[in-house]
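The values are calculated or read from the model by the stated rules, or taken from the named source; none is laboratory data. In this text the structure is predicted, and so the values were computed from the model without any measurement. Neighbour counts run over all protein chains shown; Cβ positions are idealised from the backbone, glycine included.
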């Protein structure tokens, strides 16, 4: 049983390593991710955030502007996730004391 | 050949870390060790996303007066860093819930071994 | 985690370090605009400064720093601060979470976005700190056997 699991693990690693042959070089500034317009003509998000963060919000830290201004609804969803995780730990560990 | 290796070595290292985490989930019998394996797997995915945001000869995404913002190849891409900030904090909260569940299992079955718990359920 | 640690040096070191870590956590929250930082990082540092005294001192000593029943309402207050700035922008004429339409007179929209981001980071830091303390308190309370 253990040898079958080890073989599956090695097979999985080789499939993943074969799949990364076609990925672009890491750090190339001419990626499909780092361009200015995509291949269908719409603007690409990362480039727009770098160019327009200071004149939209007056802040020099681009990561905070993206987190709180351009993608603010994602941060609100994350607050609800963390709050519900805190409530779950209160409710699970309460039953053992009342017996 | 040397260019190909220098451009792709980070992907292979990240997948090796993923396989270490997967080894911990599959092969270990204790429930706490399986949870630690899941955490290592999550860290490898976060490392993969953060490492593809790099650019040659670029600096951190805090705007500097000596490098103009209009040329976007001076700064890193800030979008994967932002998404991974959310992922890290959600991972910590999920780890807290997992350990609370493990404490409830131990209070009920007095054991943390998966084969003993499966025998006790049937 | 419920009784005090046996050595006296551990408790003295934790009591000495805790206010400085809390001050550094507040610095990281409020300087999120000019240097790496922001809400989540500062909230974790604030929680670490409170948890240090709780681990080293036990429950009877650490109750004097932050009481245990106050963390649950504080987490709800943090989420409500975030939601309230969004609803204020919705009521005052813009869309949800659009800080350019907040109803403060006489400030141009770029500076309004600056202050909107600052209030959001305060709400996030408060919520993250109180939820991490809440998770630790409930796990230390529920560790008795059936």
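For residue B:104, the conditions (1) surrounded by 14 or more Cβ atoms within 10 Å (Cβ to Cβ); (2) facing another protein chain (nearest Cβ under 10 Å); (3) out of contact with any helix residue (DSSP H, G or I) (no Cβ under 7 Å at 6 or more places or on another chain) are fulfilled apart from (3). Using the structure shown, decide if residue C:41 is more than 13 Å from chain A (Cβ to nearest Cβ) and without any contact (Cβ under 8 Å) to a residue 60 or more places away in the chain. Against the criterion (more than 13 Å from chain A (Cβ to nearest Cβ) and without any contact (Cβ under 8 Å) to a residue 60 or more places away in the chain), residue C:41 does not qualify.
With the condition being surrounded by fewer than 17 Cβ atoms within 10 Å (Cβ to Cβ) and at pLDDT below 90, I'd like the helices (runs of 4 or more DSSP H) fully within segment C:1-104 carrying at least 2 qualifying residues. I'd like the intermediate steps shown before the answer.
Values: elements: C:8-30, C:39-57, C:59-62, C:71-91.
Here the list reads C:59-62.
Could you please let me know if residue A:84 is out of contact with any helix residue (DSSP H, G or I) (no Cβ under 7 Å at 6 or more places or on another chain) and either facing another protein chain (nearest Cβ under 7 Å) or farther than 23 Å from residue B:86 by Cα (or both)? So that I can check it myself, show each step before the final result.
Values: out of contact with any helix residue (DSSP H, G or I) (no Cβ under 7 Å at 6 or more places or on another chain): yes; either facing another protein chain (nearest Cβ under 7 Å) or farther than 23 Å from residue B:86 by Cα (or both): no.
In short, no.
For the residues A:69, A:28, the requirement of being in a helix (DSSP H, G or I), on the phi < 0 side of the Ramachandran plot and surrounded by 13 or more Cβ atoms within 10 Å (Cβ to Cβ) singles out A:69. Per the conditions (1) more than 30 Å from residue B:107 (Cβ to Cβ); (2) modelled with pLDDT of 90 or more; (3) facing chain B (nearest Cβ under 9 Å), the sole criterion not satisfied by residue A:29 is (2).
Among the residues of this structure, residue C:123 counts as one that is touching a residue at least 12 places away in the same chain (Cβ under 8 Å), within 11 Å of chain A (Cβ to nearest Cβ), touching a helix residue (DSSP H, G or I) at 6+ places or on another chain (Cβ under 9 Å) and surrounded by 15 or more Cβ atoms within 10 Å (Cβ to Cβ). If you go through segment B:68-83 one residue at a time, do you hit one that is touching a residue at least 12 places away in the same chain (Cβ under 8 Å), more than 8 Å from chain A (Cβ to nearest Cβ), within 24 Å of residue A:68 (Cβ to Cβ) and exposed (fewer than 14 other Cβ atoms within 10 Å of the Cβ)? No: zero hits. Look at (1) part of a helix (DSSP H, G or I); (2) at the interface with chain A (Cβ under 9 Å from one of its Cβ atoms); (3) buried (at least 19 other Cβ atoms within 10 Å of the Cβ) and you find that residue C:133 fails only one, number (2). Residues of segment A:47-65 that are in a helix (DSSP H, G or I), within 7 Å of chain B (Cβ to nearest Cβ) and surrounded by fewer than 24 Cβ atoms within 10 Å (Cβ to Cβ): A:47, A:51, A:54, A:63. One residue stands out in segment A:7-23 among those that are more than 8 Å from chain B (Cβ to nearest Cβ) and under 21 Å from residue B:5 (Cβ atoms): the one that is surrounded by the fewest Cβ atoms within 10 Å (Cβ to Cβ), namely A:22.
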